[in-house]
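One structure below.
The values are calculated or read from the model by the stated rules, or taken from the named source; none is laboratory data. Nothing here was measured: the structure is a model prediction, and the numbers come from that model. Please note: Cβ atoms are built from the backbone with ideal geometry, for glycine as well, and neighbour counts cover all protein chains shown.
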Amino acid sequence: MGPEKQALDTRVETALTEGRTIDLGIPAKQCLMENKMDPCAIVIVGASGDLTGRKILPALFNLFINGGLPDPFLIVGCSRTQMSDQAFRDKMKDAVMQFQDLDNSKWPEFARCLYYRSIDYHNLESFTELAEFLRDLDERFKTNGNRIFYLAIPPTLYRPVSELIGRAGLAEEGEQNNGWSRIVVEKPFGRDLETAIDLDRSIHEHFQEHQIFRIDHYLAKETVQNVLMFRFANSIFEPIWNRRYIEYVRITAAESIGVEHRAGYYEQTGVLRDMFQNHMMQLLAMTAMDPPSLFEADQVRDEKIRVFRSLRPFPVDKLNDYLILGQYGPGEINGEKVPGYREEPEVSSDSLIPTFAMMKIFLDNWRWQGVPFFLTSGKRLAEKLTEIVIQFKEVPHSMFRQTLDEHITANRLILRIYPDEKIILTFQTKNPGAKVCLRSVTMNFNYLQNYTGPVMEAYEKVLIDCMSGDQMLFWRQDGVELCWSFLTPILVECETCGDRAEMLYPYTGGTWGPEPFHKLWQSQMTEPG
């Protein structure tokens, strides 16, 4: 053992003895980036839209402030809207300035790298002119022809836009005036198995798999990434992470907001397509996967694929026993009255689109056989909450049965993703006093404890990974298709059965969902939220 290692062990042991945490002295920016990135141009298709102003540009600006962008870099906005470079910069400044905690003094330097080009999403000539425009900027900024095409557009435009990018020669790599080329696609990746395969086939006409980045920003949340660190970097948890010790797993992604400005989109999707095919399946995979041989993109994604392949076919002939669907009605959030889903703008007055779902699923493999996973997501619920709950089994034998007058509560581990990013472990201990009484106590770990450096939002992380070419936190097409293969029969049954309206339970906005959901939780001896 070297002197530095021995000194570190001593510091850690002393801190544990004194009941305090320890700062290991890792520089903040050391955790922001690993390697120097290639210079590149980030081309945002759909730059006049909501996603660019709310997420993409603020993320890029925050990366710039913290030294997380390559040098040189270039950002080119494209959309159908006619706009000058300066008008685009002003529009993006207004969007970014809503984030008061950012260092706005650096905006002029950042803005010099912003350009804009109006394009027609269905016109090849428009894209060939964009290609020439990018070549001119490449020469001026010395970005070596490296480009990211971020499709911040409606899913219906993914196919024609990716095709025209390819036909304009912008997907080619290693040719004259071209470095690497990558395309970023937001979910949803199709609306069922057939359309997902068709979309992938059209993108692959011009882009190879290593060039395609299918974003799921849930995967880029720090606490979601920490699930793998928690499981595989600590030897005390993995031996009990299986059917022998775990009673059930509950994964919840609840939102207190309604559909807001996305009603038109939501009427075409509903909660199953919007949340379960992507976010919920990824949280499931992170929780249930086996350890990869190496912490590298393909190995990690291979293990996720094994989870998806283990999904037990859903019993569509017994939907009511395994699936609860709901739709929010009028209610109250934080003391304010809120409308029901059918009262939202652009929503049909007799809409049967579900805004809430609870799904009970099983994995047919050695680790998880017989353990139910409860996946729950919904809008206009009591609070915004994202967490993974591991409910352990009760002790197999109670030697206290003649001493205690109470039930021994089983241990529970909570991996809280939002709002408070923490890990909570509950266990039993004795109450002080002469009488033998148990009490449940908790151990809490706050994820940001003893950390003072920059904290990356999910979109900042995925943008860094796109620029670095790291696909670990992105969907692979076989995973997309396996999840659609599981979900499509459920969607078909739900959307074509004669008693569709009877399957959709109403719930009051601001509550934890429809009544059948509460009854199911009572049967599991747990409470929602």
message: Being touching a Phe, Trp or Tyr at 6+ places or on another chain (Cβ under 8 Å) and closer than 24 Å to residue 262 by Cα is the filter here; which residues of region 156-182 pass it?
response: 157, 160, 161, 162
field: Number of the exception - residue 351 against (1) farther than 23 Å from residue 487 by Cα; (2) assigned to a loop (DSSP other than H, G, I, E, B); (3) of a type outside the set (A, V, I, L, M)
entry: (1)
- prompt: Could you say whether any residue in region 284-300 is buried (at least 18 other Cβ atoms within 10 Å of the Cβ), charged (D, E, K, R), more than 19 Å from residue 385 (Cα to Cα) and modelled with pLDDT under 95?
  reply: no
- prompt: In this structure, is residue 160 under 21 Å from residue 186 (Cβ atoms) and touching a Gly at 6+ places or on another chain (Cβ under 9 Å)?
  reply: no
Residue 93, sole failed condition from (1) under 22 Å from residue 157 (Cβ atoms); (2) over 25 Å from the mean Cα position of the chain (by Cα): (1)
message: With the requirement that a residue be within 14 Å of residue 253 (Cβ to Cβ) and in a strand (DSSP E or B), what does region 415-431 give you?
response: 415, 416, 417, 418
message: Go through region 349-395 and report how many residues are over 30 Å from residue 336 (Cα atoms), charged (D, E, K, R) and under 22 Å from the mean Cα position of the chain (by Cα).
response: 1
- request: Return yes when residue 226 is at pLDDT 90 or above and under 25 Å from residue 249 (Cβ atoms) and no when it is not.
  value: no
- prompt: Among the residues of region 257-311, which ones are in contact with a strand residue (DSSP E or B) (Cβ under 7 Å, 6 or more places away or on another chain) and within 23 Å of residue 190 (Cβ to Cβ)?
  reply: 271, 272, 275, 276, 279, 280, 283, 284, 307, 310, 311
message: Any residue that is in contact with a His (Cβ under 7 Å, 6 or more places away or on another chain), part of a helix (DSSP H, G or I) and closer than 30 Å to residue 380 by Cα - is there at least one of those in region 207-219?
response: yes
query: If you go through region 450-470, how many residues are at pLDDT 90 or above and part of a loop (DSSP other than H, G, I, E, B)?
result: 2
message: So for region 457-466 (the condition being under 30 Å from residue 62 (Cα atoms) and free of Cβ contacts under 8 Å to residues at least 40 places away in the same chain), does at least one residue qualify?
response: no
message: I'm trying to understand the selection: among the residues of region 314-335, which are assigned to a helix (DSSP H, G or I) and either in contact (Cβ under 8 Å) with a residue 60 or more places away in the chain or under 27 Å from the mean Cα position of the chain (by Cα) (or both)?
response: 316, 319, 320, 322
- prompt: Scanning for something in contact with a Lys or Arg (Cβ under 6 Å, 6 or more places away or on another chain) and part of a helix (DSSP H, G or I), does region 294-301 turn up at least one residue?
  reply: yes
message: Any residue at all in region 247-262 that's under 28 Å from residue 223 (Cα atoms), among the hydrophobic types (A, V, I, L, M, F, W, C) and surrounded by fewer than 16 Cβ atoms within 10 Å (Cβ to Cβ)?
response: yes
